[in-house]
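Undergrad: The following block contains the structure, expressed as C-alpha cells.
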Amino acid sequence: MVKVIKSKYAGSGKEGDFSWMIEQPHHERTLFIFNDNEGQFYDHFNGGNHRCSAGGGNAGIREYQCAPHERATGIPTGSYLDVRHSKGYKVFDDHVKKVLTDAFTQLESLLKSGRFDAVVFSWDEKTKLGGYIFDAAQPIRDYIVENIIAIAERH
C-alpha cells in the first residue's frame, strides 16, 4: 500500500514546504499532490502549452508534473475561469464531480506506474485539506481527502 503523508506547512525549508520536500532524497519516491486551479489542471490534463508554470502556495511545484518522470499532480479546488467557483468550489455539482473525477483518474494512473511509495498532500487539522488560495466547501475538502486515501490504499 502507498503511504499517505498528511503534510502541514510549518515554514520554508522543512517538512511541509513542498518546494523543499520534493528535492529531498527521502522523498524521491513520493508523489506530491498540490491544490490546483481548474484551468491549469485541464491545460496539463489535455496537453496544453502552459501546463507547468509555478503557482502560489503548494502549487509552486506544478512544474514537476511535466518532468520526464512526473513527481507531482494537481487536484483542482476552484477555478479562475468560472465565477461560480472563483473563490473555491462551494457546491458539489455535476461540474465539480467531473473535474474531481478527472483529477482522481490522473492520480490513479500515476500510482499504477509503481514508481511511488508515498503520496503527500497539504493537511489542516480543522479542514483536512490544507490550502489558502481557494476556500473550497468542507464537503468537497472531505471528498478530496477521502479519495486520495482510498486511491492510495488500492496501490
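Undergrad: Would you mind finding the one in GLU70, GLU15, GLU38, GLU28 that is under 19 Å from ALA137 (Cα atoms) and either under 17 Å from the mean Cα position of the chain (by Cα) or of a type outside the set (Ser, Thr, Tyr) (or both)?
TA: Numbers: GLU70 fails: under 19 Å from ALA137 (Cα atoms); GLU15 fails: under 19 Å from ALA137 (Cα atoms); GLU28 fails: under 19 Å from ALA137 (Cα atoms).
When all the criteria are applied, what remains is GLU38.
Undergrad: Could you tell me which numbered condition LEU81 fails, if it satisfies all but one of (1) modelled with pLDDT under 85; (2) in contact with a Phe, Trp or Tyr (Cβ under 8 Å, 6 or more places away or on another chain)?
TA: (2)
Undergrad: Now for a separate question. Could you list, in sequence order, the residues of the range 2-29 that are under 20 Å from GLN106 (Cβ atoms) and touching a Lys or Arg at 6+ places or on another chain (Cβ under 8 Å)?
TA: Result: ILE22, ARG29.
Undergrad: Hey, GLY88 hits all of (1) surrounded by fewer than 17 Cβ atoms within 10 Å (Cβ to Cβ); (2) assigned to a loop (DSSP other than H, G, I, E, B); (3) not polar (S, T, N, Q) but one; which does it fall short on?
TA: Unmet for GLY88, out of (1) surrounded by fewer than 17 Cβ atoms within 10 Å (Cβ to Cβ); (2) assigned to a loop (DSSP other than H, G, I, E, B); (3) not polar (S, T, N, Q): (1).
Undergrad: Using beta carbons and a limit of 7 Å, which pairs, at least six apart or on different chains, have the first residue in the range 108-122 and more than 14 Å from GLN65 (Cβ to Cβ) and the second one small (Gly, Ala, Ser) and in a loop (DSSP other than H, G, I, E, B)?
TA: SER122/GLY130; SER122/GLY131
Undergrad: Quick one: is HIS95 touching a Cys at 6+ places or on another chain (Cβ under 8 Å) and either farther than 20 Å from TYR9 by Cα or without any contact (Cβ under 8 Å) to a residue 24 or more places away in the chain (or both)?
TA: no
Undergrad: While we're here: Output the residues belonging to the range 21-38 that are assigned to a helix (DSSP H, G or I) and surrounded by fewer than 16 Cβ atoms within 10 Å (Cβ to Cβ).
TA: Going through the range 21-38, the residues assigned to a helix (DSSP H, G or I) turn out to be 21, 25-27, 38.
Passing the criteria: PRO25, HIS26.
Undergrad: Out of all the residues in the range 116-148, which are under 14 Å from LEU100 (Cα atoms), part of a helix (DSSP H, G or I) and not charged (D, E, K, R)?
TA: PRO139, ILE140, TYR143, ILE144, VAL145, ASN147, ILE148
Undergrad: For the range 39-63, which positions are on the phi > 0 side of the Ramachandran plot and in a helix (DSSP H, G or I)?
TA: The answer is GLY57, and nothing else.
Undergrad: Which pairs turn up if I take residues in the range 10-32 that are under 19 Å from ALA54 (Cα atoms) and look for partners that are basic (Lys, Arg) and outside any loop (DSSP other than H, G, I, E, B) with beta carbon separation below 7 Å, at least 6 apart in sequence or on another chain?
TA: If the second residue must be basic (Lys, Arg) and outside any loop (DSSP other than H, G, I, E, B), no pairs are left.
Undergrad: Please state which of the following conditions LYS128 fails to meet, knowing it meets all the rest: (1) surrounded by 20 or more Cβ atoms within 10 Å (Cβ to Cβ); (2) within 22 Å of GLY60 (Cα to Cα).
TA: Of the numbered conditions (1) surrounded by 20 or more Cβ atoms within 10 Å (Cβ to Cβ); (2) within 22 Å of GLY60 (Cα to Cα), the odd one out for LYS128 is (1).
Undergrad: Follow-up question, since we're still on this one. I need the full set of residues from the range 8-27 which are among the small types (Gly, Ala, Ser) and under 15 Å from TYR64 (Cβ atoms), in order please.
TA: Selection gives SER19 alone.
Undergrad: Hey, any hits in the range 36-49 for a residue that's closer than 20 Å to ILE148 by Cα and small (Gly, Ala, Ser)?
TA: No; the residues of the range 36-49 include none that is closer than 20 Å to ILE148 by Cα and small (Gly, Ala, Ser).
The values are calculated or read from the model by the stated rules, or taken from the named source; none is laboratory data. These numbers come from a predicted model, not from an experiment. Cβ: placed from backbone, ideal geometry, glycine included. Neighbour counts: every protein chain shown.
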